[in-house]
Amino acid sequence: MGEIDIEISEVGPRDGLQSISTIMATADKKRWISALAAAGLREIEVGSFVPAKVLPQLADTAEIVQFARTIPGLTVAVLVPNLRGAEAAVAAGAHKLTIPLSVSETHSLKNLRRTHQQVLDEVRGIRALLNDLPPEQRPSFEGSLSTCFGCTLEGPVAEDAVLRLGEALMEAGCDEVGLSDTTGYGNPTQVRRMIRRVWEHLGREALHGIHLHNTRGQGLANVLAAIEQGITTVDASMGGIGGCPFAPGASGNIVTEDLVFLLEAMGYRTGVDFEKLMAARQVLAAALPEEPLYGFLPDAGLPKGFQRAGSPQAEIA
């Protein structure tokens, strides 16, 4: 595999599928994840270890993790809400665990039914679990600072609270933190400032990735602000799946296909092959025929004479 400048972490199989009512068949998930990896996506969040009664869409996550582990060069990421979820993720063989901590405690109680301190207690338990593993078998462990730019329940979120909870996550045992604009409140000025403040407070190694939504059309503008500040990992979802049913296509994740085009057009290497990415989209479309898929690039195609980052030869659409 060649060098890349920006890592795109594909979150559709988790964040996308959990937000729609349709349950994708396990065999289709495997085909989709295989196609995404074949397109050059090196990190895929394949599911979440939450009770099946809460998210039946992701009830097969253990099987999906075990399958994804067989794909060479793929980092298999999962979301875990607590220690029990982390134990299941470790047993299945996940490479990366992410636990969400909503900066808005109201959201935390609604999302995880836990206060900040209760989530931090879970983090400490997970750290102890991971420390009992041989170092070479230890998955990486991220604490995601959800609702870090604002909350639909509380409104504005104080930046100092983000810093305080980021520090608490690191002290409790996370390897790093991530910034997550869960509700699509962020704007480019906020994004730049928050990244700078986290790095000043916790150090550059504490933050590499950001999860942004396109709720109010700021998604790609916020990506640009983040990577120009120095962020190297950006989450996205193929076809933008995972949106709010009351505002189709507007409240969900950044569209992977459009993000790849933006980055490659600007000279940032992503390692993603456009033709194979479109093939993966066809796998998704066939598996979820009733779900709308979004994105400008799939409709418009690559511009004539387009040259991807680092390529001496132009690709012609």
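The values are calculated or read from the model by the stated rules, or taken from the named source; none is laboratory data. If you're wondering where the values come from, they're calculated on a predicted model, not measured in any experiment. Neighbour counts are summed over all protein chains in view; Cβ atoms, including those assigned to glycine, are modelled from backbone coordinates with ideal geometry. Heavy atoms of the whole protein, side chains included, go into the accessibility calculation; ligands, DNA and RNA do not. Shrake-Rupley method; radii C 1.70, N 1.55, O 1.52, S 1.80 Å.
For residue 44, state whether it is under 17 Å from the mean Cα position of the chain (by Cα), in a strand (DSSP E or B) and buried (at least 23 other Cβ atoms within 10 Å of the Cβ).
Judged against the criteria, residue 44 is a match.
For region 1-15, which residues satisfy the criterion of being farther than 17 Å from residue 96 by Cβ and at pLDDT below 95?
Correct list: 1, 2, 3.
Being under 28 Å from residue 223 (Cβ atoms), in contact (Cβ under 8 Å) with a residue 60 or more places away in the chain, open to solvent by 10 Å² or more (accessible area, probe 1.4 Å) and not aliphatic (A, V, I, L, M) narrows it down to one residue among 140, 144; which is it?
144
Inspect all residues belonging to region 101-116 and state whether any of them is in a helix (DSSP H, G or I), over 21 Å from residue 151 (Cβ atoms) and either open to solvent by 60 Å² or more (accessible area, probe 1.4 Å) or touching a residue at least 24 places away in the same chain (Cβ under 8 Å) (or both).
No; the residues of region 101-116 include none that is in a helix (DSSP H, G or I), over 21 Å from residue 151 (Cβ atoms) and either open to solvent by 60 Å² or more (accessible area, probe 1.4 Å) or touching a residue at least 24 places away in the same chain (Cβ under 8 Å) (or both).
Out of all the residues in region 57-100, which are closer than 30 Å to residue 154 by Cβ, assigned to a strand (DSSP E or B) and not small (Gly, Ala, Ser)?
Of everything in region 57-100, those that are closer than 30 Å to residue 154 by Cβ, assigned to a strand (DSSP E or B) and not small (Gly, Ala, Ser) turn out to be 78, 79, 96, 97, 98, 99, 100.
Name the single residue that is surrounded by the most Cβ atoms within 10 Å (Cβ to Cβ) among those in region 2-19 being in contact with a Phe, Trp or Tyr (Cβ under 9 Å, 6 or more places away or on another chain) and closer than 20 Å to residue 223 by Cβ.
The qualifying residue surrounded by the most Cβ atoms within 10 Å (Cβ to Cβ) is 12.
Got at least one residue in region 20-29 being surrounded by 16 or more Cβ atoms within 10 Å (Cβ to Cβ), of a type in the set (D, E, K, R), touching a helix residue (DSSP H, G or I) at 6+ places or on another chain (Cβ under 8 Å) and within 30 Å of residue 268 (Cα to Cα)?
yes
Return the only residue of 265, 206, 236, 221 being buried (at least 20 other Cβ atoms within 10 Å of the Cβ) and either at negative phi or not hydroxyl-bearing (Ser, Thr, Tyr) (or both).
Checking each option against the conditions leaves just 236.
Is it true that residue 201 is surrounded by fewer than 24 Cβ atoms within 10 Å (Cβ to Cβ), free of Cβ contacts under 8 Å to residues at least 60 places away in the same chain and in contact with a Ser or Thr (Cβ under 6 Å, 6 or more places away or on another chain)?
no
Name the one entry in 173, 166, 186, 209 that is closer than 15 Å to residue 80 by Cβ and touching a residue at least 12 places away in the same chain (Cβ under 8 Å).
Going through 173, 166, 186, 209 in turn, just one is closer than 15 Å to residue 80 by Cβ and touching a residue at least 12 places away in the same chain (Cβ under 8 Å): 173.
Based on what the data block shows, is residue 31 at negative phi and either of a type in the set (Val, Ile, Thr) or in contact (Cβ under 8 Å) with a residue 40 or more places away in the chain (or both)?
Taking the combined requirement at face value, the residue satisfies it.
Considering only region 155-198, state which residues are in a helix (DSSP H, G or I), of a type in the set (Asp, Glu) and open to solvent by less than 40 Å² (accessible area, probe 1.4 Å).
159
Counting only residues that are of a type in the set (S, T, N, Q) and at positive phi, how many does region 169-203 have?
Residues in region 169-203 being of a type in the set (S, T, N, Q) and at positive phi: 0 in total.
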